Amino acid sequence: MTDTTRARPSRRRFLAGAAATGAIASTGFVPTRFAIGGQAPVKVGILLPYSGTYASLGEAITNGMKMRIEQAGGTLGGRPVEYIAIDSEASPPQAPRHTKKLVIKDQVDFLVGPVHSGVALAMAQVVAGRDKPIMIIPNAGANALTRGQCARNIFRASFSNWQTCYPCGQVMADDGHKTVVTMTWKYAAGNEIMAAGTELFKEFGGAVIKDIRVPFPDVEFQAHLSEIAALKPDAVLAFFSGGGAIKFVKDYAAAGLKDSIPLYGPGFLTEGLTEGQGAAAEGIKTTLHYARTLDTPVNRMFLEAYKKAYNKEADVFAVQGFDTGSLLLQAIDATEGDTGADASPAMIEALSAAEVPDSPRGPWRMSEAHNPIMDIYLRQVEGGVNKILGVASRDLEDPATGCKLDT
Ligand code: PHB
């Protein structure tokens, strides 16, 4: 449990901050609290995709996060919130510039982002080890971020790529398949999710007969689907997400493969997308840490509130945004609103011990490597919805290989 007494900001710290304000105001320093009158807003920098194939993910995460903070009164630690959002375009080459703008120029207290693993790795290069900001990843699963490149001020509210599909291998083996072709976008998330999904499959004696890789974010699948038809594997394991996943699942069915070669993958392939995919999605089995159909009071309330607020159905990305909001609240509650650089250790301590009992995905807790420990569900599309067939892996924790934190 967090030691809340130690986490409290000291009066000395506030006074020192107030005294220093006048002296360094010209350097762009923003005081945590104004000496007289109102309170300075907490700055939350956001780097998420609002255009391109992952645009819907960025929007759902933002909505979920804001909804959580609104539910808590619309403030963080009693202070108003200023969101400074940049469209990442899911583009790794642009990520260092955007991250530096938020961290150095805007001096954000918290940095929320991104969706894309490559963008996340680039952001971490800028952020890791700083006292400020604290970075909360609401999606990107790059394994390294909570393994060899873990950092004291970086936390994940989502998943490691490994977690989302590690149980896939057993599911395919249990269904009697012996050969598989993998197909995904050629970048960290695709490669890592496919590696995780075939790990157990190979242990059970299965063989991967071909790894097909498509440049991100291309959606020209036709030639590859013809190759799959010729290879005739028992099953296909695929990762696509957002707009690309809608097209992939439809193209797969249109190529006539749906009934002869069953499709598996992480739940991103179908979660929140079944309306757009229609009949093409029926029967697809996936594993994920959430399904809209999760029948718990917390999830039902979440879905209803999200629908009311945004006139849209929530999905796993909205959940991850919502949980990001919960982490922001926990961090700043630990310092009663203080976000000065010397308040960071207390916020980091609170986040390191974070538990999120009220998550729509089910309760989860933070691992020592700053990644969720959570249940992974087995789901199958039936009647246009992802039905939960069971828990594929309970309390799944990423192996966190090579993570050494200095605090
Ligand atoms: C990632 O790039 O880490 C990523 C993107 C979209 C997903 C999952 C993972 O749905």
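Values as computed for the structure displayed
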{"item": "Restricting the range 53-85 to residues that are in a loop (DSSP other than H, G, I, E, B) and touching a helix residue (DSSP H, G or I) at 6+ places or on another chain (Cβ under 8 Å), the residue that is surrounded by the most Cβ atoms within 10 Å (Cβ to Cβ)", "result": "Y54"}
{"item": "Exclusive hit being under 29 Å from A142 (Cβ atoms) and out of contact with any strand residue (DSSP E or B) (no Cβ under 6 Å at 6 or more places or on another chain), set Y264, Y290", "result": "Y290"}
{"item": "Selected residue (criterion: farthest from Y252 (Cα to Cα)) from residues of the range 198-235 that are out of contact with any strand residue (DSSP E or B) (no Cβ under 9 Å at 6 or more places or on another chain) and without any contact (Cβ under 8 Å) to a residue 24 or more places away in the chain", "result": "A230"}
{"item": "Matching residues in the range 167-199 - criterion: being assigned to a loop (DSSP other than H, G, I, E, B) and either away from the ligand (no atom under 14 Å from the Cβ) or over 21 Å from the mean Cα position of the chain (by Cα) (or both)", "result": "P167, D175, G176, H177, K178"}
{"item": "Among the residues listed as N161, N143, N139, N153, the single one being of a type outside the set (G, A, S), within 11 Å of the ligand (Cβ to nearest atom) and under 16 Å from T324 (Cβ atoms)", "result": "N139"}
{"item": "Residue that is farthest from the ligand (Cβ to nearest atom) [pool: residues in the range 86-116 that are part of a loop (DSSP other than H, G, I, E, B) and more than 19 Å from the chain's Cα centre (by Cα)]", "result": "Q107"}
{"item": "Residue count, the range 346-356 (criterion: of a type outside the set (G, A, S) and under 18 Å from K404 (Cβ atoms))", "result": "3"}
{"item": "Among (1) within 30 Å of A318 (Cβ to Cβ); (2) under 28 Å from the mean Cα position of the chain (by Cα); (3) outside any helix (DSSP H, G or I) - the single one K258 does not satisfy", "result": "(2)"}
{"item": "Residue match in the range 120-129 (condition: at pLDDT below 95, surrounded by fewer than 24 Cβ atoms within 10 Å (Cβ to Cβ) and assigned by TED's automatic domain parsing to the domain that holds S326)", "result": "yes"}
{"item": "Some residue of the range 206-220 being within 13 Å of the ligand (Cβ to nearest atom), out of contact with any Asp or Glu (no Cβ under 7 Å at 6 or more places or on another chain) and not hydrophobic (A, V, I, L, M, F, W, C)", "result": "yes"}
{"item": "First in the range 40-61 and farther than 18 Å from F322 by Cβ and free of Cβ contacts under 8 Å to residues at least 40 places away in the same chain, second anywhere and within 16 Å of the ligand (Cβ to nearest atom) and part of a helix (DSSP H, G or I), Cβ under 9 Å, 6 or more apart", "result": "Y50/G58; Y50/E59; Y50/T62; S51/G58"}
{"item": "Single unsatisfied condition, G272 versus (1) of a type in the set (G, A, S); (2) closer than 15 Å to H177 by Cβ; (3) part of a loop (DSSP other than H, G, I, E, B)", "result": "(2)"}
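Residue-by-condition table, conditions (1) free of Cβ contacts under 8 Å to residues at least 12 places away in the same chain; (2) away from the ligand (no atom under 16 Å from the Cβ); (3) over 22 Å from V42 (Cα atoms); (4) aliphatic (A, V, I, L, M):
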| position | (1), (2), (3), (4) |
| --- | --- |
| G272 | no, no, yes, no |
| Q277 | no, no, yes, no |
| A280 | no, yes, yes, yes |
| H289 | no, no, yes, no |
| R300 | yes, yes, yes, no |
| G321 | no, no, no, no |
| P372 | no, no, yes, no |
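The values are calculated or read from the model by the stated rules, or taken from the named source; none is laboratory data. None of the values given here were measured: they were computed from a predicted structure. Reconstructed Cβ throughout: ideal geometry from the backbone, glycine too, with neighbour counts over all protein chains shown.
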